[in-house]
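Worksheet: the structure to be examined is printed underneath.
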Ligand SMILES: Cc1cc2nc3c(=O)[nH]c(=O)nc-3n(C[C@H](O)[C@H](O)[C@H](O)COP(=O)(O)O)c2cc1C
Ligand code: SF4
Ligand code: SF4
């Protein structure tokens, strides 16, 4: 069987599946329960000067019957006294010496950083995570994302930390910034041992239509919160990828966070350069037990592909993430409908007719509801295959007959690109579009 153990910037763990700093890591009780369930590491709920929280404090985006597709919170860092947390860190380490216990920290002054680092190291923490992420509450006090959005300030604080830390330091980034590589690079320049991301996205999940307060409702008012859960995964994945492929950042271990729920999510983060992952929302939704499916799935994937350790495939997808200009313009696909599988719902027809390229036709025969593709009109955009509710009913078939590759970059180099508003080298020129008047019902057959 494959070996899941990791050495993440010097922090050893039996597997790369860690709990993110959040309510599931609020106490030693929860973390011991999680370790027994199979999690390999945990980042303790952020420690600092304890806070006072409001209620309610969570909101959710539910979508078509799925609860908590996106999750929003206005919770602050730990409200428990530091001494209690330190005592429990010590206890967890006694029971689980080989698991990773990482103390997440957020304080203000240099003296406070130095003191809390010493306290956590004395308690036996295997690593430290610097929380420069919370986009609510703490940032109003000059911490959290207020630091994550100012690379120079972030770098200075990482430097303060590195002056005294004797265990590995992970800098946790805020995604509330245009270029994630700016704080990423600042953290590397400050001397961080590793990076984790993402913390939550500044958000409002909805408004109560009776009292006009944003959710979560705190007595008729609310505040922007931090958004996470499955909805944020695509954005987080891209941020991980940007750091993992940045010339001056790559090589720094990355812990990937954001919307992880299944083994597949984990593998995707690893393929894009993360070498550990952290999970919050899906554990808050389904409990610690989800790690069993995650572990079994990752092990099966590794066996199927012949990988012995996760390092055999960390970053393996990175070379395939190119700039748009380097994609093959001659690669052409066209949709094909499998008549055996089609249930005649006509969703593909509506989508292509109103939202794409009018490349799907209907037979007009009430006895035959299977639409057909008009090959000449199909631009191979994928939309119909994405809306089709039947697995593999619409496939995209290659039609370029292996024509030589040509990229935009190469066409630029050859001076073979549209340069004027009516240039005949534009891609859409000559492509079928119906006459505008055909849109009117009276002109349709
Ligand atoms: C209720 C709640 C509280 C959180 N508290 C913290 C915190 O104290 N420190 C921190 O670094 N991140 C905190 N986070 C952010 C998570 O650690 C994580 O970065 C984020 O939720 C994205 O992961 P997910 O999509 O798996 O939830 C919190 C998230 C939630 C939902
Ligand atoms: S791939 Fe796009 S253009 Fe082609 S049939 Fe489907 S929706 Fe229409
Ligand atoms: S969406 Fe799929 S199932 Fe529905 S009509 Fe189109 S091909 Fe058939």
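State which residue pairs qualify: first residue within 18 Å of residue 411 (Cβ to Cβ) and inside segment 421-443, second residue in a loop (DSSP other than H, G, I, E, B) in any location, beta carbons under 6 Å apart, and separation of 6 or more residues or different chains. Every condition considered, the pairs that remain are 425/418; 426/418.
Checking segment 149-169 against the condition returns a match, with at least one residue being in a strand (DSSP E or B), under 12 Å from residue 105 (Cβ atoms) and at pLDDT 95 or above.
The set of residues from segment 113-140 being in contact (Cβ under 8 Å) with a residue 24 or more places away in the chain and part of a helix (DSSP H, G or I) comprises 113, 114, 116, 117, 118, 119, 120, 121, 122, 123, 138.
Looking at this structure, is residue 320 loosely packed, with under 14 Cβ neighbours inside 10 Å, within 28 Å of the chain's Cα centre (by Cα) and under 30 Å from residue 439 (Cβ atoms)? So residue 320 fails the test.
Mind checking which residues of segment 330-357 are away from ligand 3 (no atom under 11 Å from the Cβ) and buried (at least 17 other Cβ atoms within 10 Å of the Cβ)? Steps first, answer last, please.
Keep residues of segment 330-357 that are away from ligand 3 (no atom under 11 Å from the Cβ), which gives 330-334, 353-357.
Result: 333, 334, 353, 356, 357.
Of all the residues that make up segment 368-417, how many are surrounded by 11 or more Cβ atoms within 10 Å (Cβ to Cβ) and on the phi > 0 side of the Ramachandran plot? Looking only at that region, the number is 2. The set of residues in segment 383-403 being out of contact with any strand residue (DSSP E or B) (no Cβ under 6 Å at 6 or more places or on another chain) and either modelled with pLDDT of 95 or more or within 16 Å of ligand 1 (Cβ to nearest atom) (or both) consists of 383, 386, 387, 389, 390, 391, 392, 393. Does segment 363-383 hold any residues that are part of a loop (DSSP other than H, G, I, E, B) and within 10 Å of ligand 3 (Cβ to nearest atom), and which are they? Selection gives 369, 370, 371.
The single condition among (1) buried (at least 23 other Cβ atoms within 10 Å of the Cβ); (2) touching a residue at least 60 places away in the same chain (Cβ under 8 Å) that residue 231 does not satisfy is (1).
Residues to consider are 374, 360, 406, 350; find the one that is more than 16 Å from ligand 1 (Cβ to nearest atom) and over 27 Å from residue 328 (Cβ atoms). Checking each option against the conditions leaves just 350. Residues in segment 339-362 that are in a loop (DSSP other than H, G, I, E, B) and either touching a strand residue (DSSP E or B) at 6+ places or on another chain (Cβ under 7 Å) or not assigned by TED's automatic domain parsing to the domain that holds residue 403 (or both): 359 only. Residue pairs whose Cβ atoms lie under 7 Å apart, separated by 6 or more positions or on different chains, with the first residue in segment 268-284 and on the phi > 0 side of the Ramachandran plot and the second part of a helix (DSSP H, G or I) and surrounded by fewer than 24 Cβ atoms within 10 Å (Cβ to Cβ), are 273/241; 273/318.
Quick check, is residue 220 more than 12 Å from ligand 1 (Cβ to nearest atom), surrounded by fewer than 23 Cβ atoms within 10 Å (Cβ to Cβ), free of Cβ contacts under 8 Å to residues at least 24 places away in the same chain and more than 21 Å from residue 7 (Cα to Cα)? Break it down into steps so the answer makes sense when it comes.
On the way: more than 12 Å from ligand 1 (Cβ to nearest atom): yes; surrounded by fewer than 23 Cβ atoms within 10 Å (Cβ to Cβ): yes; free of Cβ contacts under 8 Å to residues at least 24 places away in the same chain: yes; more than 21 Å from residue 7 (Cα to Cα): yes.
Yes; evaluated as a whole, the condition is true for this residue.
With respect to the conditions (1) more than 16 Å from ligand 3 (Cβ to nearest atom); (2) in contact with a strand residue (DSSP E or B) (Cβ under 7 Å, 6 or more places away or on another chain), residue 307 falls short on a single one, namely (2).
The conditions of being out of contact with any strand residue (DSSP E or B) (no Cβ under 7 Å at 6 or more places or on another chain) and buried (at least 19 other Cβ atoms within 10 Å of the Cβ) are met by residue 282. Out of all the residues in segment 207-220, is one or more in contact with a strand residue (DSSP E or B) (Cβ under 8 Å, 6 or more places away or on another chain), assigned to a loop (DSSP other than H, G, I, E, B) and within 27 Å of residue 264 (Cα to Cα)? For segment 207-220, residues in contact with a strand residue (DSSP E or B) (Cβ under 8 Å, 6 or more places away or on another chain), assigned to a loop (DSSP other than H, G, I, E, B) and within 27 Å of residue 264 (Cα to Cα): absent.
For the structure I just gave you, tell me whether residue 2 is surrounded by fewer than 24 Cβ atoms within 10 Å (Cβ to Cβ) and away from ligand 2 (no atom under 16 Å from the Cβ). For residue 2, the condition - surrounded by fewer than 24 Cβ atoms within 10 Å (Cβ to Cβ) and away from ligand 2 (no atom under 16 Å from the Cβ) - is met.
In this structure, does residue 176 turn out to be in the same structural domain as residue 100 (by TED's automatic domain parsing), touching a helix residue (DSSP H, G or I) at 6+ places or on another chain (Cβ under 6 Å) and part of a loop (DSSP other than H, G, I, E, B)?
Details: in the same structural domain as residue 100 (by TED's automatic domain parsing): yes; touching a helix residue (DSSP H, G or I) at 6+ places or on another chain (Cβ under 6 Å): yes; part of a loop (DSSP other than H, G, I, E, B): yes.
So residue 176 passes the test.
The values are calculated or read from the model by the stated rules, or taken from the named source; none is laboratory data. Since we're looking at a predicted model, the values are computed, not measured. Heads up, the Cβs are rebuilt from the backbone with ideal geometry, glycines too, and the neighbour counts pull from every protein chain shown.
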